[in-house]
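Engineer: Here you go, one structure.
Just so you know, all these numbers are worked out from the coordinates, no wet-lab data involved. Values in this document were obtained by computation on a predicted structure and should not be read as measured data. Ideal geometry is used to build each Cβ from the backbone, glycine not excepted, and the neighbour counts take in all protein chains shown.
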Amino acid sequence: MEMLPRGEWPKWCRSCGGSGLCECSRCLGTGEYRYIMGFRFLNKHDDVDPQL
């Protein structure tokens with residue numbers, strides 16, 4: 001069993017509380033904390049080369 005460093009707490013899923021329910025849409029049954037997935041939309045000038 002792996003131990004966490006002293007003073008550090010595990011990051012459990014906020015939806016199922018780390019129980020690892022296979023129906024949990026947030027952690028997909030792993031029980032681990034996952035960040036919210038999203039998309040970043042580019043602006044018109046985000047991918048333009050500044051030297052042009």
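Engineer: Residues with beta-carbon under 11 Å from that of R34, excluding R34: net charge, scoring Lys, Arg +1 and Asp, Glu -1?
Structural biologist: Net charge around R34: +2.
Engineer: Just order 22-32, 7-17 by mean Cβ neighbour count inside 10 Å, highest at the front, would you? List each step's numbers first, then the result.
Structural biologist: Numbers: 22-32: 14.1, 7-17: 11.8.
Ranked from most to least packed, the peptides come out as 22-32, 7-17.
Engineer: Can you list the residues, at least 5 places off or on another chain, whose amide H is less than 5 Å from the amide H of E32, using H built in the peptide plane?
Structural biologist: Answer set, sorted by chain and number: C13.
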